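Following: one structure in C-alpha cells, then a few remarks.
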Amino acid sequence: MPLLRARLPSSFSTCRDSIESALLLCDAQHDEHNNNDESIDAIFLGGNHIGDKGVARIIDGLEDYIQYRKLYLCDNRISKYGVHLISQSLKHNTTLIELSLADNSIGDTGASLLAASLQENNTLEILNLENNGIGCEGTKSIVGALLHNTVLRCLMLSENPIGDDGAKAILRCLRDTSSLHNLYNSNHTIVSIILKKPHIKSSKILRDIKSYLRVNRMASNIPQLAARRKLLLCVREDPTILTKCFVTIRERDPDIGLAMMPRILWLLASQLDLATVNVILKLILDQIVM
C-alpha cells in the first residue's frame, strides 16, 4: 500500500483544520491514483513541529479516518504530555499497526505512558521510539509491558541512553531464568528490537539479545517451542539451571522431584547430552508449565 506524505507548514499546531487538511490532502492524492486497486493506509506528518497541542487535534481527527493504519509523527517536538494523549488513544484503537514517534522528547515518563497502553492494545505491530531521551527506567516500562503483549513485533530504541541496565531488562523480557515459570512466560513473539547507539558497554548483552530474538523468529509464533529452545540455550550457557529446575519441581511435587534428581545429577556429570536434556526439559515443562 502506498505511503502518501502530507507535509504541512510549521504553523501546523495553530491551524484550526490541521488534521482535516492533512487527511484531505491524502484523499486528493489518492484520487489521482484511482486507476489501481491499492488504497492508502498511512499518513506522514513528520517534521512539522506540531507539538503537544497539535497531537490533540490529530487524535481527534483520526477517530473519523479509521482507514489509516500507519501514523508517522517523528520530529514534531512531542513531549510526555502529547504522548499521554496518544497512549490513551492506543488503549482503544483497533486499526493502527505502525506508529513512529522517533526524534521527539517523550523521555522515561512518556515511555511509561506508552507501556501502559501496550498492555491493552492488541493491534500495534511496529513502534518506533528512536532518539527520545529514553533511559533505563523507560526501557524497563516498555519491555515490562511486552510480558503482557503478544502482538508487537518490532520495537526501535536506537539512540536512547538505555545503558547496560536497560539492555539487561530487555534480555530478561526475552528470557527470565529466575524460574521455569518466568522463562516460559517471557516474550516469545517480538522478533526485532533495534538498538543502534544505545550507550551499552557490554557487547555480550547485545549478543544475547540477538540470540533470543533469533529464537523467537525461528519459533514461528509457537510460544511453547520458543520456551523449550530458550531452555536449551540457557542450559548451554549455565548448566546449573538444571538444578534450579529440580528445586522448582520439588517445590511443586516432592515425589516427582526425588524421581528426577538422579537424572539431573547424571546430566550434570555427563557434560550435558543435549538430546537427553531436550527430553528431560520437555518433561519438566509438561509437568510444571503445561
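The values are calculated or read from the model by the stated rules, or taken from the named source; none is laboratory data. Keep in mind it's a predicted model, so treat the numbers as computed, not measured. Glycine also receives a Cβ, built like all others from the backbone with ideal geometry; neighbour counts cover every protein chain displayed.
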TODO: Name every residue in the range 79-110 that is of a type in the set (Ser, Thr, Tyr) and in contact with a strand residue (DSSP E or B) (Cβ under 8 Å, 6 or more places away or on another chain), in order of residue number.
DONE: 100
- [ ] Return a yes/no flag: does the range 129-150 have any residue that is in a helix (DSSP H, G or I), among the hydroxyl-bearing types (Ser, Thr, Tyr) and in contact (Cβ under 8 Å) with a residue 12 or more places away in the chain.
- [x] yes
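Can residue 91 be described as under 22 Å from residue 151 (Cα atoms) and touching a residue at least 60 places away in the same chain (Cβ under 8 Å)?
Numbers: under 22 Å from residue 151 (Cα atoms): yes; touching a residue at least 60 places away in the same chain (Cβ under 8 Å): no.
Taking the combined requirement at face value, the residue does not satisfy it.
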Task: Unique residue being under 13 Å from residue 132 (Cα atoms), surrounded by fewer than 19 Cβ atoms within 10 Å (Cβ to Cβ), among the small types (Gly, Ala, Ser) and in contact with a helix residue (DSSP H, G or I) (Cβ under 9 Å, 6 or more places away or on another chain) when the list is 105, 112 - done: 105
TODO: Could you look through the range 76-97, keep only residues that are modelled with pLDDT of 90 or more and touching a Phe, Trp or Tyr at 6+ places or on another chain (Cβ under 9 Å), and pick out the one that is surrounded by the most Cβ atoms within 10 Å (Cβ to Cβ)?
DONE: 76
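Any residue in the range 63-72 that is of a type outside the set (Val, Ile, Thr) and touching a Lys or Arg at 6+ places or on another chain (Cβ under 7 Å)? Before you say what the answer is, go through the steps one by one.
Let us first name the residues in the range 63-72 that are of a type outside the set (Val, Ile, Thr), namely 63-65, 67-72.
Filter once more, keeping what is touching a Lys or Arg at 6+ places or on another chain (Cβ under 7 Å): none.
Within the range 63-72 (the criterion being of a type outside the set (Val, Ile, Thr) and touching a Lys or Arg at 6+ places or on another chain (Cβ under 7 Å)), the answer is no, since none of the residues qualifies.
In the range 225-239, which residues are of a type outside the set (Asp, Glu) and assigned to a loop (DSSP other than H, G, I, E, B)? Write out each step before concluding.
The first filter runs over the range 225-239 and keeps only residues of a type outside the set (Asp, Glu), leaving 225-236, 239.
The answer is 239, and nothing else.
Matching residues to (1) at pLDDT below 95; (2) under 23 Å from residue 217 (Cβ atoms):
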residue	(1), (2)
107	no, no
110	no, no
116	no, no
124	no, yes
148	yes, yes
168	no, yes
176	yes, yes
181	yes, no
199	yes, no
